[in-house]
Amino acid sequence: MSYMIVMDLKSSEDILEMLDSFEKIVLFGDSGCAQMCDVGGILQLEDMEDFLTGYGKKVLGYIFVEGGMCDANALKQEIDANMEMIEEADAFLIQACGVATQAVVELLPEKEAFPAVDSKFLGVMPERYHHDERCSMCGECVLHLTGGICPISRCAKGLLNGPCGGSMDGMCERDPDTECVWQLIYDRLKKLDKLDNIKRIWEMKDWSLARGPRSIVHEET
Amino acid sequence: MIVLLVNLEENRTLVETRLKSLFERGEFVVTGEVGPPHGANHQLVIERTRLVKDYCDAINITDNVRGIPTMSSMTCSYYVLEAGAEPVMQMSARDRNRILFESELYGAYAMGIRNILFMTGDHTLLGSHPQTKMVYDLDSIQALGLARHLMGGTDLAGDKLEGTPNYYLGATFNPYADPMEMHVWRVEKKRDAGAQFFQTQAIYDTSRLEEFMKGIRGYKVKVLTGIIPLKGPKMAAFMNRQIPGIKIPEEFIERLEKAGSGLKGAEKRSAVRGEGLQIAKETIEAVKKIPGVNGVHIMGVGWEESIPEIVKGTGLHPRPK
Ligand code: SF4
Ligand code: SF4
């Protein structure tokens, strides 16, 4: 099992369209979430190079960050070590999450960086190529009350006083392949002898905590 | 129709609707449902209301069922009043945040709408607008709590209201939903949040309802059993597949098929529909005997004409004054 920001590669049409007026491209990827989601590992950078070359682009090379592009120092070091290539490039294509693309924008503001992927959710990978959502960063975690199972990201309606009337045989009304998370929460709390947690009414949630732009300044200790 | 009794301590007993007083008199209540127009023609609401109003004590207006946009439930409820009947306005938590809930609740009261029924709302992926951004700022229980809060004279911020509304609040439950224990607790939660009456999902096999009613015994709430007459085996199969929380037993589907077998055209149609009405009537007779059931809620789902038939056919007509 792995845990990660889950991403999906954009369509080839979308990628070609955003790179339309650029010829010399540098690809970015990493061995963290990007590789685990099969969107920005070395293999996918090679596939992307073949694809773009087939459409008349010139791929100058890769910036591949071991660990993850979220390691700002590692990213900077890779960029510095490849400055010549960066300077020659017309644009950057980032095969990693939306934060990674914006990190490149901030580090190299003279040129444009484009997202090759859609960042989907925070989730798990029970097996390769399979990802399930686990957290939508709602800003106020309630896992301590639900036996460690998230109703916000895993209930199709984000209900706090679930389950809804569409929950049947353990499955969600939305589609036959998704479990009703409120059934899972019920089963788990029953085992833990903590059903009282969900017997009472849960008050309205402060959704302002879930909306961006969010910033946090931790006090130094 | 709406009598305001003043000077009662409990805020929520201030309002008297026909629905509420019939419950209190111990009548076996009949409510019906009118589907709002899929467009801007309000005359349809008036026509559909006239068709059923002598057979129902109050008329529900649904709220964008399955996320398919129809005329607003508040507007339709107003036309139900205009047509001389008492509305039950449905409000789903799917399409409104707390601001719009408050705003519409003020407006509904101003227009004379008193019975309000809260529901979670179907997932939009089941309807015609699956790309919609669903709201779910509140769930149905929190929305009930919000309505009751407004009856205390302040809004959620604690600011005093210019005119305090009063409602007779309702909610829903589905005896077929799992886990049953949790759904029984949710009835209690809804009652504590302000719900005084409940409408159930459409009932076919009555054994789950019977069991559920035992679970909520002592909760002191009024319960209307949901009835949807089946137009035919195709509709039944569609509902089993597409309508959340519905369970129509095979045996009923077979009865509908059998009723139409060997027949064609209009003859077949009327035989099959007749069987659908028969099933509805049998269900009503069965739920009448279940302790705690206070009436039925008949949902025509585009077949409003079925409501008078069913009500007459079960000896529930004429309706009490
Ligand atoms: S409750 Fe909020 S923070 Fe906690 S796991 Fe769920 S979405 Fe994430
Ligand atoms: S069936 Fe369960 S998971 Fe699905 S929307 Fe309802 S409560 Fe949420």
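The values are calculated or read from the model by the stated rules, or taken from the named source; none is laboratory data. Keep in mind it's a predicted model, so treat the numbers as computed, not measured. Every residue, glycine among them, receives a Cβ derived from its backbone with ideal geometry; neighbour counts consider all protein chains shown. Heavy atoms of the whole protein, side chains included, go into the accessibility calculation; ligands, DNA and RNA do not. Shrake-Rupley method; radii C 1.70, N 1.55, O 1.52, S 1.80 Å.
May I ask for the equivalent-ellipsoid semi-axes of the protein assembly as shown, computed as the square root of five times each C-alpha gyration tensor eigenvalue and listed largest first in whole Å?
Each semi-axis is the square root of five times an eigenvalue, giving 53, 27, 22 Å.
Please compute the contact order of region B:2-313 in relative form: average sequence separation of alpha-carbon pairs under 8 Å and at least six residues apart, divided by the residue count, as a percent.
Values: 581 pairs, mean separation 56.8, N = 312.
Dividing the mean separation by the residue count of region B:2-313 yields 18 percent.
So what is the accessible area of region A:136-204 per residue, in Å², with the probe set to 1.4 Å?
For region A:136-204, the solvent-accessible area averages 48 Å² per residue.
Within 10 Å of each Cβ in peptide B:107-120, how many partner chain Cβ atoms are there on average? Round it to a whole number, please.
Shielding by partners across B:107-120 averages 1.
What's the ranking of A:20-28, B:93-101 by average number of surrounding C-beta atoms within 10 Å, highest first?
Packing proxy ranking, top to bottom: B:93-101, A:20-28.
Of B:LYS160/B:LYS190; B:LYS189/B:LYS220; A:LYS199/B:LYS247; B:LYS133/B:LYS190; A:LYS76/A:LYS111; A:LYS199/B:LYS133, which ones are farther than 18 Å apart at the Cα?
B:LYS160/B:LYS190; A:LYS199/B:LYS247; B:LYS133/B:LYS190; A:LYS199/B:LYS133
Using modelled amide H (1.01 Å from N, peptide plane; none on Pro or chain starts), what sits under 5 Å from the amide H of A:LYS120, excluding residues fewer than 5 places away?
A:VAL6, A:MET7, A:ASP8
Give the relative contact order (percent, whole number) for chain A; include only Cα pairs under 8 Å separated by 6+ residues.
Values: 336 pairs, mean separation 41.9, N = 221.
Relative contact order for chain A comes out at 19 percent.
Viscosity 1.567 mPa s, temperature 4 °C: what is the translational diffusion coefficient of region A:108-162 from Stokes-Einstein with a Kirkwood Rh over Cα pairs, rounded to a whole number of µm²/s? Numbers along the way, then the final one.
On the way: Rh = 13.7 Å.
Answer from the Stokes-Einstein relation: 95 µm²/s.
Take the residue pairs A:LYS191/B:LYS222; B:LYS231/B:LYS288; B:LYS20/B:LYS281; B:LYS234/B:LYS281 and return only those whose Cα atoms are more than 26 Å apart. List each step's numbers first, then the result.
Working: A:LYS191/B:LYS222 33 Å; B:LYS231/B:LYS288 23 Å; B:LYS20/B:LYS281 24 Å; B:LYS234/B:LYS281 20 Å.
Going by Cα-Cα distance, A:LYS191/B:LYS222 fall outside the 26 Å limit.
Kindly provide the helix-only [θ] at 222 nm of chain B, computed as the sum of -39,500 (n - 2.57) over DSSP H runs of four or more divided by all residues, to the nearest 500 deg cm²/dmol?
Theoretical 222 nm ellipticity from helices: -12000 deg cm²/dmol.
Given the DSSP H assignment, sum -39500 (n - 2.57) over each helix run of at least 4 residues in chain A and divide by its residue total; what's the result at 222 nm in deg cm²/dmol, nearest 500?
Rounded to the nearest 500, it is -8000 deg cm²/dmol.
Could you state the per residue volume, in Å³, of the convex hull enclosing the Cα atoms of region B:27-123?
Once divided by residue count, the hull of region B:27-123 is 97 Å³.
When you have a sec, figure out the Kirkwood radius of chain A from all distinct Cα pair distances and drop it here in Å to one decimal?
This gives a value of 19.9 Å.
List the pair-distance distribution P(r) of region A:2-120, using every Cα-Cα distance, as the percent of pairs falling in each 5 Å bin from 0 up to the bin containing the longest distance, rounded to whole percents.
2, 13, 25, 28, 21, 10, 2, 0
Where Lys and Arg each count +1 and Asp and Glu each count -1, what net charge lies around A:GLY165 among other residues with Cβ under 14 Å from its Cβ?
Once all neighbours under 14 Å are counted, the net charge is +4.
Charges at C-beta only: +1 for Lys and Arg, -1 for Asp and Glu. How large is the resulting dipole of the protein assembly as shown about its Cα centre, in Debye rounded to 20?
3700 debye
Distances over 24 Å make up what percent of all Cα-Cα pairs in chain B?
Beyond 24 Å sits 53 percent of the P(r) for chain B.
Simple spin-label model, 7 Å along Cα-to-Cβ: A:HIS218 to B:LYS289 in nm?
In this crude label model, A:HIS218 to B:LYS289 measures out at 6.7 nm.
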